[in-house]
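To start, the structure under review is shown below, and the notes come after it.
The values are calculated or read from the model by the stated rules, or taken from the named source; none is laboratory data. Since the structure is predicted, the reported quantities are computational estimates derived from the model, not experimental observations. Cβ placement follows ideal geometry from the backbone for every residue including glycine, while neighbour counts extend to all protein chains displayed. Accessible surface areas use protein heavy atoms only, side chains included; no ligands, DNA or RNA. Shrake-Rupley method; radii C 1.70, N 1.55, O 1.52, S 1.80 Å.
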Amino acid sequence: MQVQNSDIAAVLDEMADLLEIDGANPFRVRAYRNAARMLLDIGKDVREMIEAGEDLTRLPGIGKDLAGKIVEIAQTGTFSELEEMRRKVPPQLTELLDIAGLGPKRVGALYRTLGITSSEQLFNACKDGKVSKLPGFGKKTEAKILEALQTKFTTTQRFLIAEAAPYAEAIRKYLLEVKGVRQVVVAGSYRRRKETVGDLDILVTAEPGSNPGDLFVRFPKVRDVLAKGSTKASVVLQNSMQVDMRVVEDESFGACLHYFTGSKAHNIAIRKIAQKMGLKINEYGIFRGDERIAGEEEGSVFEILGLDYIEPELRENRGEVEASASGRLPQLITLEDLKGDLHVHSSYTDGSASISTMAETAKAYGLKYIAIADHSRRLRIANGLDSSSLLKQVDEIDKLNANMKGFTILKAIEVDILEDGSLDLPDEVLKRLDLVVGAIHSKFNLSRGKQTTRILKAMDNPCLNILAHPTGRILLRRDPYDFDVDAVIKKAVESKVVLELNANPHRLDLNDVYCRQAKEAGARIAINTDAHSPAEFKNLMWGIGQARRGWLEARDVINTFPVKKLMKSIKR
Ligand code: DGT
Ligand code: CA
Ligand code: CA
C-alpha cells in the first residue's frame, strides 16, 4: 500500500494528541493539527509531490521543519520526534481519548495530577470524587465520564474460542515456566469449549512460597491490572480480554477445577446432589461435617457423589448429571475419530491452494479423504463454477486419484440453493459427482415461511447429500436466518440429507443444542472445515468441541466412516 495523504495526516494528529496530553505549547499542537487538516483538504497527492521533487513549503502553513517531517513520514511511516513522544507518554493514555468527555488536554491533566493511565483507574477516581475536584472538570464532567465508563464495562464483549486460544495457551506456557509452578489449567467456558468465551479463568498450583501472581501480571500482553493478591489476580489484555488467575492448594485442586470449569448451572445441580447425601461441596473440596473427603482430583468429586465422570463440554445442566447417575453418558467423539472432510475449497474458486495441496495437507493431518466442494456459478464473487469448469475439475480429480495411495479425493460441489429452493446446477451435472453439498449464500432475509420452504425444497432434490452451515450465522456478527429448524431436522431424517456442523470458528453451526436435537431425532451430521486454505484443516478441533457439546458420538458423524462406508451411507 502506498502512503496516502490521510495516512500522513493521522500520524500528524497522533503527534498533536501526544503533545497536548503532555501539556506542550498550544501553538505547537495547533501547527500539527492544521497541517493534518490541510493534507486532507488539498486534493493533491503529497507522495507524488515528493517524488516529483516539488517544494512542500509552498503548501499553506508548512514551514521547512514540517516539510521535512512530512517527507520522513512518507518514507518511513513515522518521524523521530513522534517516536520520542511515544516513549514519553504511556501508550494506554491514547485509549482514554475514546471516552466521551475526554480530550487530550483532560487526559494529560488526569495523568499528571492523579497518575491515571487506565480506564479502571479513572473509574475508581471518579467514584471517589477526585476527578470533579480538578481544575476544568467539575461534577457534570465527572458524571459524564462515569457513565461512559459504565457502558464501556457492561457491554461485555465476548471472544471467539479460536481467538482466545492463542492467549490461553501462551499464558499457560508462560506460567509453567515460573519457578515453583506445578500445574496450570485454563478452566471456565474455555475448557467447556464454548463457541465464545467472556473471559479466561486460570488455575495454578505452586510450591509454597512461590508467587505466580507477580509474574502473571507481567505477562507481556497485559494492558491493565485489575487486582493482584497472593492467591488471586485479574488482568485485562491488550485485546480487552479479561483473565482471572487463582492459586490453589494441591488438596483442593480437583474441587477448584470442577468449580471454576462450571457452568454455574451445572455446579448448582451437582451441589444439590451433594446436599441430598448430607455433604457440603465448594471450591475447596467435598466435606462431611468438617472432614474433607474428596477434592484433590477432579474425578474424585464425581466419584464420591456416585456419578460417572462428566466431560467438561457436557457441563451445562442439560441432563448430563441425570445421565451420569444412570450410566447413560455418551461416548463423545474425538478428533482422532475423523477420517475425512467433506467440504473443502480449492483455487478453482475462492480457495488459496490447488486441489493437490489441499489433499496433501489433509493427508498430513491424518485424514483419509476430502471432498472438493467449490462454489457454483451463482456465487460470482467467489468465481463460482459453471457446468463445464466443474467437469474439468472432475477430470483433474480423476487424474490425481490415480496417483494417490491410501487417500481419496471425492468430487463434490457446494451448490447454491437459489431463492426458489432449486439448485444452481442441472441435475445431470450434479449426478456426475460423488456427493453434493448445498448452501444458502443469498436472500438471508426471506420471511420465516419462505426461508423454510426454500430449504425443505432443496432437501427434496435427491441430488443433495449435505446441507452446509445450515443456519447461516456468523458468530458475533450475523444472526442465523429465520427458518423452522425443527422442520429441517425432521426433513433431514426422512430424506437422509446430512446436516453439516461447520468447523470454522466463526460459524460452528449447527450449534450444540441443534446437534443434540438432530442426533436424538435420528439425523446424521458431517463435521466439515469449509477450508479455503491449507491452514484451515486445524479448525476441525473447533468442530469437535462443538460436536462434543452437542453430545455427538462417532457413529452420529458420517465422516468418521471409512470412505466406502461413507459413500454407501450418503446414498439416498
Ligand atoms: P464466560 O466467561 O462468560 O464465557 O463463562 P464462564 O462459564 O467461564 O463463567 P465465569 O468466567 O463467570 O466463571 C467461571 C466459572 O466459575 C463458572 O463457569 C462457574 C463458576 N462460577 C462463577 N460464579 C459462580 C456462582 O455464583 N456459583 C457457582 N456455583 N459457580 C460459579
Ligand atoms: Ca470465563
Ligand atoms: Ca471469570
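Among residues of region 238-263 that are of a type in the set (Lys, Arg), those with a Cβ under 9 angstrom from a residue that is part of a strand (DSSP E or B), sequence gap 6+ or separate chain, pair up as 246/201; 246/202; 246/203; 246/204; 246/232; 246/233. Can you find even one residue in region 92-99 that is within 20 Å of residue 29 (Cα to Cα) and not in a helix (DSSP H, G or I)? Yes, there is a match, as at least one residue in region 92-99 is within 20 Å of residue 29 (Cα to Cα) and not in a helix (DSSP H, G or I). The number of residues in region 173-192 being at pLDDT 95 or above, away from ligand 3 (no atom under 16 Å from the Cβ) and crowded, with 17+ Cβ neighbours inside 10 Å comes to 3. Of all residues in region 184-197, none that is without any contact (Cβ under 8 Å) to a residue 12 or more places away in the chain and not assigned by TED's automatic domain parsing to the domain that holds residue 316 has its Cβ atom under 6 Å from the Cβ atom of a residue that is open to solvent by less than 10 Å² (accessible area, probe 1.4 Å) and away from ligand 3 (no atom under 14 Å from the Cβ), 6 or more apart or on another chain.
Residues in region 6-26 that are open to solvent by 10 Å² or more (accessible area, probe 1.4 Å) and of a type in the set (Gly, Ala, Ser): 6, 10, 23, 24. Apart from one condition, residue 201 fits all of (1) in contact with an Asp or Glu (Cβ under 8 Å, 6 or more places away or on another chain); (2) surrounded by fewer than 21 Cβ atoms within 10 Å (Cβ to Cβ); (3) charged (D, E, K, R); the exception is (2). The single condition from (1) assigned to a strand (DSSP E or B); (2) within 12 Å of ligand 2 (Cβ to nearest atom) that residue 227 fails is (2). For region 225-237, the candidate set comprises residues that are of a type outside the set (Lys, Arg) and either touching a residue at least 24 places away in the same chain (Cβ under 8 Å) or surrounded by fewer than 15 Cβ atoms within 10 Å (Cβ to Cβ) (or both); within that set, the residue that is farthest from ligand 1 (Cβ to nearest atom) is 230. Applying a threshold of 6 Å to beta carbon distances and a minimum spacing of six or more residues, or different chains, the list of pairs starting in region 2-25 at a residue that is at pLDDT 90 or above and ending at one that is open to solvent by less than 20 Å² (accessible area, probe 1.4 Å) and part of a loop (DSSP other than H, G, I, E, B) reads 18/89; 21/89; 22/89. When each of 248, 222, 243 is tested for being within 14 Å of ligand 1 (Cβ to nearest atom), more than 17 Å from residue 189 (Cα to Cα), hydrophobic (A, V, I, L, M, F, W, C) and open to solvent by less than 40 Å² (accessible area, probe 1.4 Å), the lone residue that passes is 248. Among the helices (runs of 4 or more DSSP H) confined to region 264-356, the ones with at least 2 residues that are within 16 Å of ligand 2 (Cβ to nearest atom), within 29 Å of the chain's Cα centre (by Cα) and of a type outside the set (S, T, N, Q) are located at 264-276.
Under 23 Å from residue 199 (Cα atoms), out of contact with any His (no Cβ under 8 Å at 6 or more places or on another chain) and either within 14 Å of ligand 1 (Cβ to nearest atom) or open to solvent by 20 Å² or more (accessible area, probe 1.4 Å) (or both): does that describe residue 275? When the stated conditions are applied, residue 275 does not pass them.
Looking across region 50-62, just one residue is surrounded by 18 or more Cβ atoms within 10 Å (Cβ to Cβ) and farther than 21 Å from residue 80 by Cβ, and that is 59. If you go through region 107-146 and keep only what is open to solvent by less than 30 Å² (accessible area, probe 1.4 Å), in a helix (DSSP H, G or I) and not hydrophobic (A, V, I, L, M, F, W, C), you end up with 108, 119, 138, 141, 142. Go through region 63-82 residue by residue and tally those that are open to solvent by 60 Å² or more (accessible area, probe 1.4 Å) and either without any contact (Cβ under 8 Å) to a residue 40 or more places away in the chain or among the basic types (Lys, Arg) (or both). Qualifying residue count, region 63-82: 6. Against the numbered list (1) within 15 Å of ligand 3 (Cβ to nearest atom); (2) open to solvent by less than 50 Å² (accessible area, probe 1.4 Å); (3) touching a helix residue (DSSP H, G or I) at 6+ places or on another chain (Cβ under 9 Å), residue 259 comes up short only at (2). In summary, helices (runs of 4 or more DSSP H) completely within region 1-54 and bearing 3 or more residues that are among the small types (Gly, Ala, Ser) occur at 5-21, 26-41. Entry remark, region 507-522: residues being open to solvent by less than 10 Å² (accessible area, probe 1.4 Å) and in a loop (DSSP other than H, G, I, E, B) number 3 in total.
The number of residues in region 27-49 being among the small types (Gly, Ala, Ser) and surrounded by fewer than 13 Cβ atoms within 10 Å (Cβ to Cβ) comes to 1. Quickly run through region 395-436 and pick out the residues that are in a helix (DSSP H, G or I) and either modelled with pLDDT under 95 or open to solvent by 10 Å² or more (accessible area, probe 1.4 Å) (or both). Answer for region 395-436, where residues must be in a helix (DSSP H, G or I) and either modelled with pLDDT under 95 or open to solvent by 10 Å² or more (accessible area, probe 1.4 Å) (or both): 395, 396, 398, 399, 400, 401, 402, 427, 428, 429.
Kindly indicate which of 341, 350, 308 is at pLDDT below 95 and either surrounded by fewer than 18 Cβ atoms within 10 Å (Cβ to Cβ) or not assigned by TED's automatic domain parsing to the domain that holds residue 185 (or both). From the options 341, 350, 308, the qualifying one is 350.
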